[in-house]
Amino acid sequence: MLNLERYDRQIKLQGFGIEAQKKLVSAKVLVIGAGGLGCPVLQYLTASGVGNIGIVDDDQVSLSNLHRQILYNSYDIGKLKIEAAFERLNAMNPEVKFSMIPERIATKNAVKIISDYDIIIDCTDNFPTRYLLDDVCRILQKPLIFGAIYQYEGQVAVFNVKNEEASTTHYRHLFPEPPGPGEVPDCNDAGVLGVLPGVIGTIQAAEAIKLITGIGEPLINKLMTINILNYQTAVFEIPSMNLTDKNIPSSVEEFENMNYQLHCGIEYDGIKNISPSEFKKTAQLHDTVIIDVREPDENPKLDLPYISIPLYQLKENLSQIHNRNITVVCQSGKRSITAAKILQEILGPKYKISHLEGGINHLNKKINEQD
């Protein structure tokens, strides 16, 4: 039974009423990512009375999350985010049914997970997942609410929903080609003001409520940008065009055979992405050298033997490399994959080249979790 008192203030809104509230209660919304954007999205959807909310995230709470991921506190460090999120959200509104999915969204599980929901909200922070979600939502014909943040600026758009002219746009209309590795730093490298994901995530939640209830004008085929430093805000029309790239999947089968790491230049044929656990083993192999392509003043330092060659000096310092097995590292994994590609092109197939996926940030995070 609908709890009228809980939702009294929004039911009283002109143009909203009891019918809009019933639509919220019947809706099924999937939030992918329970981090900076996901936290405010989840809080406001829960409070507004969306009846069924799915949460996809396989990450754990860490100390560096807490300045912006406001569902969590210091006692949650080390917990799965979906477990900590459920505790807060269920206490906020026990009338909502939550489905907790402790997985990373991927081609092997995306169709199964997404098929059950009416609206998908992208609260992720990397290009491979954004293109993955764009493609699968287009194929399954699911509305996709996109959000992104960078330092002091944020973006929101609504994809895969027809406007009055029956025109539909997708993330690929906004960014037809993925940027190269290192071209767009994430918050691990560039930082982010803690309140910014709160602003952008709240707008994403508002867009979901508008789509579900039919109120207002959602950002269909539009991109909204906001700069939190000066509140410069703009809304742009996203041009619709035919997606003719042969690398874009058009069916579930093609989607499930897609390699988005390769598509976005985060993985290359012949270059191995190694995990933190593999990195420790690799460093001990015979004829192996570790090359750190960060700037010399970047911290923390590696606690094992390595050669420091900043990325921009790599080509001029190849004479320092005498080993056949080469593992490249940087802070977040973006510069290292670029460096690995350079080494592969110059040194050829006689050398075995790998890079530390997620960089030293990921390595130290895993170490802290073990401690």
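The values are calculated or read from the model by the stated rules, or taken from the named source; none is laboratory data. Only a predicted model underlies this, so the values are computations on that prediction, with no experimental measurement involved. Note: ideal-geometry Cβ built from the backbone for every residue, glycine included; neighbour counts use all protein chains shown. SASA here: full protein model, heavy atoms, side chains in, ligands and nucleic acids out. Shrake-Rupley method; radii C 1.70, N 1.55, O 1.52, S 1.80 Å.
For the range 1-86, averaging the sequence separation of C-alpha pairs within contact (under 8 Å, six or more residues apart) and dividing by the residue count gives a relative contact order of 25 percent. Between the alpha-carbon centres of the range 198-220 and the range 133-177 there is a gap of 13 Å. The long axis of helix 127-140 is offset from the longest Cα principal axis of the chain by roughly 40 degrees. Angle of helix 334-347 to the longest C-alpha principal axis of the chain, folded into 0 to 90 degrees and rounded to 10: 40°. Highest mobility in the GNM of the chain, judged by mean-square fluctuation with C-alpha springs under 10 Å and restricted to Cys123, Cys39, Cys264, is found for Cys264. Does anyone have the angle between helix 38-48 and the longest principal axis of the chain? Alpha-carbon axes, 0 to 90°, nearest 10? So the inclination is approximately 10 degrees.
With contributions of -39500 (n - 2.57) from each DSSP H run of at least four residues, the per-residue ellipticity at 222 nm computed over the chain stands at -9500 deg cm²/dmol.
In this Cβ point-charge picture (+1 for Lys and Arg, -1 for Asp and Glu), the range 20-111 has a dipole of about 320 debye about its Cα centre. Across the protein chains, with a 1.4 Å probe defining accessible surface, the residues Ser275, Ser240 rank Ser240, Ser275 from largest area downward. Each residue was assigned an accessible area with a 1.4 Å probe, and for Thr282 the value is about 30 Å². Here the relative contact order of the chain, from alpha carbon pairs under 8 Å that lie six or more residues apart, stands at 14 percent. Each Lys and Arg contributes +1 and each Asp and Glu -1, all at the Cβ; summed about the Cα centre of the range 108-220, the dipole is approximately 360 debye.
Solvent-accessible surface of the chain, taken per residue with a 1.4 Å probe and all protein chains present: 49 Å².
For the peptides 253-261, 208-216, 299-307, 355-363, the ranking by packing is 355-363, 208-216, 253-261, 299-307, with the highest mean count of neighbouring Cβ atoms within 10 Å listed first. Within the accessible area of the chain, the carbon and sulfur atoms contribute 50%, probe 1.4 Å, all protein chains present. Measuring between their Cα centroids, the range 290-351 and the range 17-68 lie 40 Å from each other.
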